[in-house]
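Below is one structure, written out as structure tokens; the observations come after it.
Please treat every number below as a calculation from the coordinates, not as lab data. None of the values given here were measured: they were computed from a predicted structure. Counting neighbours? That spans all protein chains shown, and the Cβs are built from the backbone with ideal geometry, glycine included.
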Amino acid sequence: MISALGFAALVWGSVALTLFVLGYVLATLR
Amino acid sequence: MLDATLTLAVAVVALAATSAVGVWYARRGERSLDALLTARGSASEGTTAASIVGSVMGAWILLSPAEAGAAYGGLTAVLGYALGSAVPLLLFVPVARRVRTVMPDGHSLTEYVRARFGTAFYLFVLAVSVFYMFVFLAAEMTGVTAALALVAGVPPWATAAVIGGFVLAYTAYGGLVASLVTDTVQTAVALPLLVAAAVGALWQVGGTGAVHATVARETPQLLTLTNPAAVAFGFYVVFAVLGANVLHQGVWQRVWAAESTTSVRRAFGVSAVAVVPLILLAGLFGVVAAARGLVDGNAGISFFLVVNDVFPPWLALGVVVLAVLLVASTADTVLNAIASVVTVDLAEFSDAGGATLTRVARAVTGLVALAAVVVGAQGYDVLTLFFLADLLGAATFAPFVLGLYLPSLGERGALAASLGGLAVGLAFFPGVAGLVRELGLPVSASFFWVFVGSTAVSVVATLLAAAVSEGEYDFRALGGVGARLTEVSER
């Protein structure tokens, strides 16, 4: 079973990755 | 529950705003047939990536991943779903380069398959591709009408008509150019909204620690990473998603719409990275719904059960905007994709000029939108049709893609590989497996074998057909494909 820390890492990692991708997309728009 | 009129008004405002952007942008440029169908070389890396994400990530991400999280194996199934959805986009990193290299003037996947293989396989791929795209569109409409009926009691016909009407308006007017720019805006708004919904829901239920504790106590099986059924689901969903996406004309259009080969390859890579956290965040709602005891035979709407449970109405309106934008960015892509397939093929089979082809493209866009609104408002169970469309894709994509690389693969081999894969997949398909069993074959219904079996048979048969064939296709012949339409379009 995934630990509480692993669960938190999964959630906040997903949030961070989504925001990173959004930033990358906006930065490469023209 | 939200007020139905207010919810519909918010949906109208969101759709009107993005439609205005689409129409404004399309008015700025020339409104040629090329802008309507191909928009060749016009999209920057960011636009291409945002448009790919917007096109493939529909309202289904608020439905299926959460359902998998609640009912098909919790976190493992969600992880499988997330990674599985990234695979087809990763596949396009090399495939996009190959397509742009061998067929620089192309417009559609059917144009490729007819030139590369011949009429029989072309007709097969055309049927599979259009069937998949329409089922995708109908499922999106059905999903969003059900979701808005649940959270706000909006009549399904009203949701379907409002979304269908706005999307039709800007897509028929601005074609692919409008679809690309609205996809970008819709994705740029939808991504932060999904993050806000996930973070907001976690906040409301006490943070990740509290959620973990609740799930570990109530439904610990959803937190294990070794549940065999969930691992199997995570594995076969890759093959279910893979074939269907490869046969999505909207994805192919974006290969040519990108400004350069480098930018389209990067855009597919970025899109593959993007879909993983999006599906994970959406899927976690299913795990939360199950742990909080909200799911009672209705796992398909787990995401909205959590929204109804933890959000005050004004915050739930943000989720309405999210759902509507996700549908719109997917629906405009599919509408334009089906219109482009029909128009490109008409250009090949007739000597119609640019004006006629433009009228045809707009008429097809309108007809498909009308059909999607009518079907979407009925609330049919489209899941079986979706699985069937996925099976057709899984059985077909191997010879279709490998035809770009294996010169010895011929039309008969491609057709045999597809039909072989389809036969195996159908033998395990629920409802068919029982009949096959009565014939004495030891099979039982299993989606694992439907998708993994059909893909494996199709891949092996394709490689065998290419190995034993004596023919040799000259890829230079693809170089001139689409030249007539390009000439008509840009006139």
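A few remarks follow.
- Each residue in the stretch A:1-21 was checked for being part of a helix (DSSP H, G or I), more than 10 Å from the chain's Cα centre (by Cα) and within 7 Å of another protein chain (Cβ to nearest Cβ), and 3 pass.
- Among the residues making up the stretch B:411-460, a single one is of a type in the set (D, E) and either touching a residue at least 60 places away in the same chain (Cβ under 8 Å) or on the phi > 0 side of the Ramachandran plot (or both): B:E411.
- Sole residue being under 27 Å from B:G41 (Cα atoms) and out of contact with any strand residue (DSSP E or B) (no Cβ under 8 Å at 6 or more places or on another chain), chosen from B:R484, B:R437: B:R484
- Verdict on B:M141 being in contact with a His (Cβ under 9 Å, 6 or more places away or on another chain), in a helix (DSSP H, G or I) and away from every other protein chain (no Cβ under 14 Å): no
- Annotation note: Cβ proximity below 8 Å between a residue of the stretch B:148-166 that is touching a residue at least 40 places away in the same chain (Cβ under 8 Å) and a residue that is surrounded by fewer than 24 Cβ atoms within 10 Å (Cβ to Cβ) and among the charged types (D, E, K, R) (sequence gap 6+ or interchain) occurs for B:A152/B:D3.
- Some residue of the stretch B:109-121 being in contact with a His (Cβ under 9 Å, 6 or more places away or on another chain), more than 23 Å from B:L383 (Cβ to Cβ), surrounded by 24 or more Cβ atoms within 10 Å (Cβ to Cβ) and touching a residue at least 12 places away in the same chain (Cβ under 8 Å): yes
- Looking only at residues of the stretch B:51-70 that are part of a helix (DSSP H, G or I) and of a type outside the set (A, V, I, L, M), we find that the one that is surrounded by the fewest Cβ atoms within 10 Å (Cβ to Cβ) is B:W60.
- Scanning the stretch B:71-83 for residues that are in a helix (DSSP H, G or I), crowded, with 24+ Cβ neighbours inside 10 Å and away from chain A (no Cβ under 11 Å) gives B:A77, B:G80, B:Y81.
- Residues of the stretch B:144-162 that are of a type in the set (G, A, S) and in a loop (DSSP other than H, G, I, E, B): B:G153 alone.
- Filtered residue count, the stretch B:24-38, keeping only those that are crowded, with 17+ Cβ neighbours inside 10 Å and more than 14 Å from chain A (Cβ to nearest Cβ): 8
- Number of positions in the stretch B:263-316 that are without any contact (Cβ under 8 Å) to a residue 60 or more places away in the chain and either facing chain A (nearest Cβ under 10 Å) or surrounded by fewer than 19 Cβ atoms within 10 Å (Cβ to Cβ) (or both): 6
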